[in-house]
Amino acid sequence: MSFFPVLHTDAAIIFSSVLVKKEIEQTIKNSYYRFQTFLPNELKTIDNTKPVNIRQLKALAHELISRKNQEIDEVCSLLTS
């Protein structure tokens with residue numbers, strides 16, 4: 001019998017991602033920026049280079065950039081000052 005519950009892979013990755021984010025935030029304080037989106041299952045195959053997959057990934061990237069535009073501008077400002 002296992003003492004640890006079986007976690008779905010996505011849940012384990014999200015949990016791990018949250019822990020890393022918290023650790024970095026505590027270490028770096030106000031200089032931590034993270035730009036991440038979550039992929040739907042049909043886009044998670046890393047070696048899928050079909051044109052439709054690439055278009056969907058690009059659409060997600062554009063959506064993330066639009067949503068995080070102000071934060072991206074802040075990072076650019078910090079990096080160029």
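The values are calculated or read from the model by the stated rules, or taken from the named source; none is laboratory data. This is a predicted model, so every value here is computed, not measured. Positions of Cβ are backbone-derived with ideal geometry, glycine not excepted, and every protein chain shown enters the neighbour counts.
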Selection count where residues are touching a Leu at 6+ places or on another chain (Cβ under 8 Å) and over 10 Å from residue 37 (Cα atoms), scope the stretch 54-69: 2
Can you pull out every residue in the stretch 28-66 that is basic (Lys, Arg), in a helix (DSSP H, G or I) and more than 19 Å from residue 18 (Cβ to Cβ)? 55, 58
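In the stretch 17-35, which residue that is of a type in the set (D, E, K, R) and closer than 20 Å to residue 64 by Cα is modelled with the lowest pLDDT?
21
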Specify the residue that is surrounded by the most Cβ atoms within 10 Å (Cβ to Cβ); the eligible residues are those in the stretch 62-81 that are at pLDDT below 95 and among the aliphatic types (A, V, I, L, M). 72
